[in-house]
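Asker: Quick one: the structure is below, questions incoming.
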2 protein chains.
Amino acid sequence: MPRAATTTDVFNAIAEPRRRQILEVLARRGAVAVSALVVTLGMSQPAVSKHLGVLRKVGLVSVSKQGQQRLYQLEAKELKRVHDWAKKFEQHWSHQLDRIKQRAERRSRDQRGSSN
Amino acid sequence: MPRAATTTDVFNAIAEPRRRQILEVLARRGAVAVSALVVTLGMSQPAVSKHLGVLRKVGLVSVSKQGQQRLYQLEAKELKRVHDWAKKFEQHWSHQLDRIKQRAERRSRDQRGSSN
DNA sequence: TTGACACATTCCCATATGGGAATATAATTC
DNA sequence: GAATTATATTCCCATATGGGAATGTGTCAA
């Protein structure tokens, strides 16, 4: 079995850094035309269109026509799914950070006065 | 340029559903041996080992030896990066949900009494 | 030493990729 | 209609994939 298609789901779609970049631009600027993305990202137009196609297939962006332009817009609710998934692990990373902090504190305490 | 390697970063690593599953199991059960994962996930042992290799390369898990077993453990701080990235878009999805709610409320208000 | 076990690695293959180049399509202007 | 502009699609290719099968490696036990 080969790697799953990038259009399989949000997780596969956002694996590509260029596509994450596109989402970030859309988040900042609202509805953006393809040509504007081409300029902003310094990519070829076909490359941008293909990435947008992937993002669209997984529901991360939506399009609307305006004259001969296509305005792409972020559909953030799909990103909430990523957020929610990662959030499951929240207590784990905060616990681990706690442990690191505790160890650091213990070390500095031990250094200040090992005779205590 | 082909697709980036799965070991490139956390985003590429978690694109694979099996690997997300593995992380979830590790989150629930702490330090887990490979053979236990094989049973739990119903995958072949080489498949599990390969996925663990990917997760390890991007720092999502760590290993420790115990006899002939290898115990794998979640390193959650790398997942925090995913969480933080997605969180950037938080206001977007909550705003969008707000707009949906507002529209729904307006509809029901209009239906209850268009004469008001 | 010889097995037996736990795990990692290698070899294989069908398949999807991202990007460039070229081309197609659609809307606008003249 | 013809030329122009904005975008999408197609064709190409080097490359990485996930899984199965087979094999390698390290550790324990007798």
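Here, each number is a calculation from the coordinates, and none is a lab measurement. None of these values were measured; they are calculated from a predicted model. Glycine also receives a Cβ, built like all others from the backbone with ideal geometry; neighbour counts cover every protein chain displayed.
Asker: Do we find that A:K57 is charged (D, E, K, R) and within 16 Å of DNA strand C (Cβ to nearest atom) in this structure?
Answerer: yes
Asker: Here are the criteria: (1) within 14 Å of DNA strand D (Cβ to nearest atom); (2) over 14 Å from the mean Cα position of the chain (by Cα). Tell me which single one B:A31 does not satisfy.
Answerer: Unmet for B:A31, out of (1) within 14 Å of DNA strand D (Cβ to nearest atom); (2) over 14 Å from the mean Cα position of the chain (by Cα): (1).
Asker: Which of the residues spanning segment B:66-85 are touching a residue at least 40 places away in the same chain (Cβ under 8 Å), surrounded by fewer than 19 Cβ atoms within 10 Å (Cβ to Cβ) and under 28 Å from B:S35 (Cα atoms)?
Answerer: Correct list: B:L71, B:Q73.
Asker: Here is a further query. Conditions: (1) within 14 Å of chain B (Cβ to nearest Cβ); (2) β-branched (V, I, T); (3) more than 10 Å from DNA strand C (Cβ to nearest atom). A:V39 meets all but one. Number of the miss?
Answerer: (1)
Asker: Let me ask something additional. Any residue in segment B:30-41 that's free of Cβ contacts under 8 Å to residues at least 12 places away in the same chain: show its pairings with residues that are crowded, with 16+ Cβ neighbours inside 10 Å and assigned to a helix (DSSP H, G or I) at Cβ separation under 7 Å, as long as the two are six or more apart or on different chains.
Answerer: From segment B:30-41, the pairs are B:V38/B:V48.
Asker: Where in segment A:3-81 are there helices (runs of 4 or more DSSP H), lying fully within it, with 1 or more residues that are basic (K, R)?
Answerer: Output list reads A:17-29, A:45-57.
Asker: Count, please, the residues in segment B:45-75 that happen to be within 12 Å of chain A (Cβ to nearest Cβ) and hydroxyl-bearing (S, T, Y).
Answerer: 1
Asker: Test each condition in (1) of a type in the set (G, A, S); (2) within 11 Å of chain B (Cβ to nearest Cβ); (3) closer than 15 Å to A:E75 by Cα for A:A15 and report the one that comes out false.
Answerer: Going through (1) of a type in the set (G, A, S); (2) within 11 Å of chain B (Cβ to nearest Cβ); (3) closer than 15 Å to A:E75 by Cα one by one, A:A15 breaks only (3).
Asker: Of the conditions (1) surrounded by 13 or more Cβ atoms within 10 Å (Cβ to Cβ); (2) over 22 Å from A:A13 (Cα atoms), B:V10 clears all except one; give me its number.
Answerer: Looking at each condition in turn, B:V10 falls short on (2).
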